[in-house]
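Okay, structure first, notes after.
The values are calculated or read from the model by the stated rules, or taken from the named source; none is laboratory data. None of the values given here were measured: they were computed from a predicted structure. Note that each Cβ is placed from the backbone with ideal geometry, even for glycine, and that neighbours are counted across all protein chains shown. To get the accessible areas, we keep the full protein, side chains included, count just its heavy atoms, and leave off ligands, DNA and RNA. Shrake-Rupley method; radii C 1.70, N 1.55, O 1.52, S 1.80 Å.
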Amino acid sequence: MAEERRIVTVLFADLTGTTVLGEARDPEDVRALQTRYYNIAREVVSAHGGTVEKSIGDAVMAVFGLPQAHGDDAQRAMSAALDIRDRVRADPKLASQQTVRIGVNTGEVVATRDNAASDFLITGDAVNVAARLQQTAEPWSILCGERTARAARDRFTLGRPTEIDVKGKRLPIQTLPLLGRAAEATLSRFPLIGRDDDLAQLELVARRAFTDRRPFLVSLVAPAGAGKTRLLEEFLHRLPALSSDATVAIAQCLPYGQRVTYWPLRALLIRLVGLKDEAAPETVREEIRVWLHDRGVESPERAADLLAATIGAGEPEVIDRTALFAAWRTAIEVAARRSPLVLVFEDLHWSSDSLLDLVEVIVQPRGDAAVLMIALTRPELLDRRPGWGGGRRNYVAMSLEPLTDDSVAQLVRHRVGSSAPQIVERVVARAEGNPFFAVEIVQSIKERVLSLNDVAAVEHTLATLPDTIQATILARLDLLEPEERRVLQLGAMFGRTFRADGIAALGPDLASDTDSLLDRLVQKDLIRPSAGDSFAFRHILIREVAYQTLLRSERADLHAAAARRLEAPPGERTHSPN
Ligand SMILES: Nc1ncnc2c1ncn2[C@@H]1O[C@H](COP(=O)(O)OP(=O)(O)O)[C@@H](O)[C@H]1O
Ligand SMILES: [Mg+2]
């Protein structure tokens, strides 16, 4: 497997006090404590989708974003850091004599992406800095590097930045203590722009579901950052105008940290039944039973048990899938009996396969029911479930197209506060209709550039891709088959557009047929057929990220090969340049 340049987040967590202990205690006791600690660290790290790379003495090193980037690896690492710290602190055996110190840092490394290899080699300054942050951290505290902190500004609270020296670095680096998780994000303060028709379509479907009493399923499919969540927020905000008594319940699928397969449904049930979040399992079962009974379900005991089990108030191991799905379907039907119901599945692409199976069943209530189900998802879901939604009655598939340049310009103007036209224009050109990209680029300019009139600084910032964007796109590329991914890397060598024979010329190592690989990439909406027989990256930044994964040395070789190919007379172009 070839080496790549990637941005990863590295976590070092060290247990202090062990050395002193080592002198005073029997080695077996020390070993037992260490094992306890490693187990906690391993469990937490893997629950967050990271990998423990090695444990040296009492320190654990974990990597997030390798072999698979998730788009939010910095957040995962921060969340893992908090969990490790809290779990060690809550462990009476460990906490009585030990303290934990953690460093988390994000940066570029060179690494192999080999799923099979049990240990992988990563090299880069980012690793040393993470180790240094850990050594600098106070007992029980977590120190983050600046890039890590920046990736997580909305979700975590951070303390005051300080500077520390790192061996081999000329300038001190900025670090910030991680204090905790931030409260839930509130509704966007910025107006919704350029989605009138999408909103109208959603509202039309809602009206029909409510007035005709017919269950509808709407899938809103669009790549990360297209504005699915924002559109939903607006729809829900305006919902009271369509139905004064509709119940809204949202199941948020999370990319990590789910304790139970069906965890996202927990929030649905809590909302529908009106459960207390921290109620004891017996209470939960009883309340569900009463709720079902009140709504006319005869002998609701078994259904109540199953529903309780899905949300962790029961034994999930003994669940009979068919019975479980039936119980959920009943719950949805019952919930919609008195007033309209809006069920939302947020980020369904992150759902486990079992949960997807269940969702497919519950989105088909029997009989008349005023239920509107909305699934927000990235197109990755369709790679996994090509038939998603198909063949179902009252299924509406909506895709969110990129925003128009005018809309993005408006959005940017809202966020930069002034209408500095030279900036607006450049951000619009780079964001290519993706509001998330636009927001992130604006944010990075605001963070790094003191004055918007400093054209050179603005240019410089515009030329650097924010980590958040890089991470989102890399997560998508990492889900591709290795050869599909390779084609994108090779295509990136030619720029925004490239031709099949160009790929063939650069990549004689491909086992599959280039045309079929290109077809698959078109299917996955990463590239589009373009003028002549060429292909264009769907988004300029996809090209940029694919390009950036190549090692500098490899880029140089490929550039030379690409240049030779471009110079060759047309008749010779199908041959390998070597
Ligand atoms: N139509 C829009 N008008 C204004 N801001 C938008 C619009 N769509 C998205 N945004 C903003 O862009 C960012 C990404 O949108 P989001 O809804 O989170 O994307 P998705 O859910 O598709 O990943 C958010 O900050 C959001 O507020
Ligand atoms: Mg979203």
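Overview of results
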item: Percent accessible area from carbon and sulfur atoms, the chain, protein chains only, probe 1.4 Å; result: 49
item: The chain, accessible area per residue, ligands and nucleic acids excluded (1.4 Å, Å²); result: 46
item: Length-normalised contact order of the chain in % [C-alpha pairs under 8 Å, at least 6 apart]; result: 13
item: Label zone at Ala463 (point 7 Å along Cα-to-Cβ), backbone N below 18 Å, the stretch 405-439; result: 423, 426-427, 429-431
item: Whole-number percent relative contact order across the stretch 4-181, with pairs defined as alpha carbons under 8 Å at least 6 apart; result: 25
item: FRET E, pair Ala563, Arg448, Förster distance 30 Å, beta-carbon r, rounded to 0.05; result: 0.35
item: DSSP beta bridge pairing in the chain, given as percent antiparallel to the nearest 5; result: 65
item: Highest average packing first - 265-278, 403-416, 168-181, Cβ atoms within 10 Å; result: 403-416, 265-278, 168-181
item: Shape of the stretch 216-259, Cα gyration tensor, a/c cut at 1.5; result: oblate
item: For the stretch 418-503, Kirkwood radius (reciprocal of mean inverse C-alpha pair distance, Å); result: 14.7
item: Rounded D (µm²/s) - the chain, Kirkwood Rh over Cα pairs, Stokes-Einstein at 10 °C, 1.306 mPa s; result: 60
item: Computed label-point distance, nm, for sites Glu163 and Asp368 using a 7 Å Cα→Cβ extension; result: 7.2
item: Rg to Rh, two decimals, where the stretch 288-425 supplies the alpha carbon set and Rh follows Kirkwood; result: 1.15
item: The stretch 196-399 - percent relative contact order, Cα under 8 Å, separation 6 or more; result: 37
item: Stokes-Einstein translational diffusion, the stretch 402-561 - Kirkwood Rh over all Cα pairs, 1.002 mPa s, 20 °C, in µm²/s; result: 127
item: Inter-label distance for Ala280 and Thr322, nm, one decimal - labels placed 7 Å from Cα along Cα-to-Cβ; result: 3.6
item: For the stretch 331-352 versus the stretch 46-112, the gap between their alpha-carbon centres in whole angstrom; result: 35
item: Estimated inter-spin distance, Trp140 and Ile56, nm [label 7 Å along Cα→Cβ]; result: 2.8
item: Span from the the stretch 391-448 Cα centroid across to the the stretch 187-255 one, whole angstrom; result: 20
item: Rg ratio (alpha-carbon, reference 2.2 N^0.38 Å) - the stretch 480-572; result: 0.99
item: Cα-based shape type of the stretch 4-181, given that a ≥ b ≥ c are square roots of the gyration tensor eigenvalues and the cut on a/c is 1.5; result: prolate
item: Taking the convex hull of Cα positions in the stretch 196-399, its mean projected area over all directions (nm²); result: 11.1
